[in-house]
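Here is the structure we will look at, set down as structure tokens.
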Amino acid sequence: MTVYTASATAPVNIATLKYWGKRDKSLNLPTNSSISVTLSQNDLRTLTSVAASEDFKEDKLWLNGKLESLESERTKACLADLRSLRQELESKDSSIPKLSQFGLHIVSENNFPTAAGLASSAAGFAALVVSIAKLYQLPQNMSEISKIARKGSGSACRSLFGGYVAWEMGQETNGEDSKAVEVAPLSHWPNMKAAILVVSDDKKDTPSTSGMQTTVATSDLFQWRIKEVVPKRFDEMKESILRKDFATFGDLTMKDSNSFHAVCLDSTPPIFYLNDTSKKIIKLIHELNKREGKIIAAYTFDAGPNAVIYYEQENELKVLGLIYKYFNKVNGWEKLDTKTLDTSSD
Ligand code: 2P0
């Protein structure tokens with residue numbers, strides 16, 4: 001029996017301009033464009049290996065060693081798109097194997113705890129789609145492939161690129177122009193660092209998908225955010241990245257995290273992702289920046305209480321020193337698990 005195989009890794013990405021809200025739930029079309037930083041492959045990532053064979057009668061997925069159901073509409077949508085692109089190749093060239101008709105065995109592993117409250121679906125769907133695209137020998141146009149990953153999980157489309165990535169929301173109703181594009185590679189800003197402060201590894205309070213639906217349906221502030229705030233911020237943030245202007249990048253990143261949590265609070269019923277420790281981190285970073293007379297560190301929080309702090313390498317001692325001082329001393333505040341991540345190289 002011939003078994004065809006391929007593997008791919010995809011790192012976690014952390015949004016600095018947040019995706020929150022869908023205009024189409026089944027296609028994962030967002031109500032605003034977003035920007036993120038993809039971490040290095042050495043840090044948090046998913047590794048996925050796929051095998052196809054005529055003898056595999058059905059698709060199977062093992063996630064972190066456990067056989068999982070492949071019944072989710074999102075996964076089915078990704079597999080259907082990939083198979084249809086492979087079919088196009090097969091119809092043009094009758095000499096290539098009919099992989100689109102074979103069952104797929106998919107093995108996926110995260111190098112970080114899935115339950116740690118860190119974005120795992122983004123890396124997971126990105127690695128799934130890229131590994132199958134490799135197996136099927138589809139054209140390696142990452143923006144095109146990002147449209148398939150987007151259907152798995154919106155934020156997954158951004159993990160197809162390293163470094164600084166924009167997800168352009170697009171205007172079409174079929175999603176053909178809602179894709180990820182590179183703003184700059186990781187190497188563009190080699191001294192940029194990220195630290196993840198694990199405040200809690202509890203399962204998140206409100207899942208992102210349902211939280212977004214509640215916000216879209218009930219928040220007045222949300223309308224202001226998507227029409228007035230984000231479009232301007234999107235251009236400003238891209239420019240700050242291209243200029244490597246940390247003060248502006250950091251200011252916009254913190255403002256956007258707060259804007260996202262504000263629309264969560266403005267939803268009915270309100271959605272709370274930050275806890276008291278998150279709020280202490282926010283205060284501490286503002287205190288540090290005030291003391292320095294400029295922004296040298298920026299926090300951002302996703303749909304949970306864990307913080308990601310961006311800073312430049314030369315300020316690492318100042319930033320992490322202060323965090324350790326307040327959070328890691330024996331009789332101090334809550335003990336935090338701090339992981340520093342290198343965004344500078346693969
Ligand atoms: C983001 N988040 O931009 C935002 C910030 C959470 C807060 O993308 O429903 O798991 O799969 O499209 O991508 C989390 O949402 O949601 C997310 P789906 P996803 O990173």
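The values are calculated or read from the model by the stated rules, or taken from the named source; none is laboratory data. Since this is a predicted model, take the numbers as computed values, not measurements. As a convention, Cβ positions derive from the backbone with ideal geometry for all residues, glycine included, and neighbour counts pool all protein chains shown. All accessible areas refer to the heavy atoms of the entire protein, side chains included, with ligands and DNA or RNA removed. Shrake-Rupley method; radii C 1.70, N 1.55, O 1.52, S 1.80 Å.
Points worth noting:
- Annotation: of all residues in the range 101-122 being crowded, with 19+ Cβ neighbours inside 10 Å and modelled with pLDDT of 95 or more, the one that is nearest to residue 61 (Cα to Cα) is 106.
- Reported count of residues in the range 217-240, each being hydrophobic (A, V, I, L, M, F, W, C), closer than 17 Å to residue 35 by Cα and more than 16 Å from the ligand (Cβ to nearest atom), is 0.
- Looking only at residues in the range 127-184 that are surrounded by 23 or more Cβ atoms within 10 Å (Cβ to Cβ) and of a type in the set (Val, Ile, Thr), the one that is farthest from residue 63 (Cα to Cα) is 165.
- Among the residues making up the range 72-95, a single one is loosely packed, with under 14 Cβ neighbours inside 10 Å and either hydrophobic (A, V, I, L, M, F, W, C) or in contact with a strand residue (DSSP E or B) (Cβ under 9 Å, 6 or more places away or on another chain) (or both): 80.
- Some residue of the range 237-251 being outside any helix (DSSP H, G or I) and within 30 Å of residue 190 (Cβ to Cβ): yes
- Flag for residue 216 being touching a residue at least 24 places away in the same chain (Cβ under 8 Å) and either open to solvent by 30 Å² or more (accessible area, probe 1.4 Å) or among the basic types (Lys, Arg) (or both): yes
- Meeting the requirement of 2 or more residues that are more than 16 Å from the ligand (Cβ to nearest atom), the strands (runs of 3 or more DSSP E) wholly within the range 1-95 are 4-11, 45-53, 60-63, 66-68.
- Residue 288 open to solvent by 10 Å² or more (accessible area, probe 1.4 Å), touching a Leu at 6+ places or on another chain (Cβ under 9 Å) and assigned to a helix (DSSP H, G or I): no
- Scanning the range 289-320 for residues that are away from the ligand (no atom under 13 Å from the Cβ) and aromatic (Phe, Trp, Tyr) returns 299, 310, 311.
Yes/no per residue for (1) over 30 Å from residue 207 (Cα atoms); (2) surrounded by 15 or more Cβ atoms within 10 Å (Cβ to Cβ); (3) under 23 Å from the mean Cα position of the chain (by Cα):
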site: 272; (1), (2), (3): no, no, yes
site: 279; (1), (2), (3): no, no, yes
site: 299; (1), (2), (3): no, yes, yes
site: 306; (1), (2), (3): no, yes, yes
site: 310; (1), (2), (3): no, yes, yes
site: 314; (1), (2), (3): yes, no, no
site: 323; (1), (2), (3): no, yes, no
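- Residue that is within 30 Å of residue 190 (Cβ to Cβ) and among the hydrophobic types (A, V, I, L, M, F, W, C), where the choices are 106, 96, 35: 35
- Qualifying residue in the range 119-130 (condition: closer than 26 Å to residue 189 by Cβ and β-branched (Val, Ile, Thr)): yes
- If you go through the range 32-71 and keep only what is of a type in the set (Gly, Ala, Ser) and buried (at least 20 other Cβ atoms within 10 Å of the Cβ), you end up with 33, 34, 36, 52.
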